Amino acid sequence: MPVRCVAFDADDTLWDFTAAMWEGLERAIEAGRAIRPDLIDGLTPEGLQGLRDRLVDEERAGTERHVRLSAVRRRSFAVALQERGAPVPGLAEAMADAYFAHRHGEVRLHADVVGVLDRLSSRYVLGLVTNGNTDPERSGLGGRFDFRLGADDIGIRKPDPRMFTMAAAAARCHPSELVYVGDQPVKDVAAPQSVGCRGVWLNRTGVQAPPGIEPDATISSLDELPEVIERFDAEEAEILGRVGVGPLAPPWPDDPRLDPELLRSGDRRNVVDRYRYWREEAIIADLAAHQHPFHVAVENWRHDRNIGAVVRNAN
């Protein structure tokens, strides 16, 4: 299907989260040192980050349940002081406040973000799907997204594939019409691909993808993204051009989802191209597999054999 929605990861895709995080930890240590330098000596950003990661792992306890990372981060400063035998009232809070003030206040957009969003916004629904908690308003991207799904808001996190079926529902499109862009191969490529979305890997640093992960496209800059999406649409148009409308000339594709009678007669008109020659049960199974709101109109489709009406009614 043609692309209707482009959704983005946030941290380290649109803005430099990692730099802001490490700088924020430095600010936290400086704030603590200004109050009790004797208790802060020896604390390092690396040590604080390692402690935060340990606390996250303990809260998840081997599960995939969602953890509010901002709450864990704030608690990590108190635990760091407790482990040093120094639970000074107010000190951990001052360190946490200094961290978050910098972390949220000094978000730096990558240089390729604004121009690409401007180019895409006139043609596609734009979404933000993130495990992070940075407010797009603070980053200068307020009003640029048609929808936002944050892990803290919905209680699940990537790589849970439900994040992407929810994104497709928010965009009012089929998952195959959604392109997801992010910097993490597992969370941002394999996870959306598992529900039928396209996954574009933004690989700014030139690292190798993990074995078994095959992005639909790999880019080193968001400036390359509009051309990639145009290529996706051109490939889809070429396929649809071969299929066309009306009878399909033999030899027919060997695909159990296709209905031989429809291939011969081509009498289904005004149909979403993906399903033009599919059997009824295959269409229903595909919609159900993606848990997509299109399925609410299946009964209407059964009545008039017009999957185009299904999409319009569901939207």
Legend entry - Hey, residue 128 in a helix (DSSP H, G or I), under 30 Å from residue 173 (Cβ atoms) and touching a residue at least 12 places away in the same chain (Cβ under 8 Å) or not: no
Legend entry - Conditions (1) among the hydrophobic types (A, V, I, L, M, F, W, C); (2) at pLDDT below 70; (3) touching a helix residue (DSSP H, G or I) at 6+ places or on another chain (Cβ under 8 Å); number of the one not met by residue 237: (3)
Legend entry - Test: residue 107 is touching a strand residue (DSSP E or B) at 6+ places or on another chain (Cβ under 6 Å) and at pLDDT below 90: yes
Inset, instruction - Could you tell me which of the residues 206, 199 is assigned to a strand (DSSP E or B) and either outside the structural domain of residue 285 (by TED's automatic domain parsing) or more than 24 Å from residue 287 (Cβ to Cβ) (or both)? - result: 199
Legend entry - Residue that is surrounded by the most Cβ atoms within 10 Å (Cβ to Cβ) [pool: residues in region 61-109 that are among the basic types (Lys, Arg) and closer than 14 Å to residue 48 by Cα]: 73
Inset, instruction - Among the residues of region 165-196, count how many are under 15 Å from residue 147 (Cβ atoms) and either among the acidic types (Asp, Glu) or part of a loop (DSSP other than H, G, I, E, B) (or both). - result: 3
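The values are calculated or read from the model by the stated rules, or taken from the named source; none is laboratory data. Not measured: the values here are computed from a predicted model. Virtual Cβ from ideal backbone geometry, glycine too; neighbours counted across all protein chains shown.
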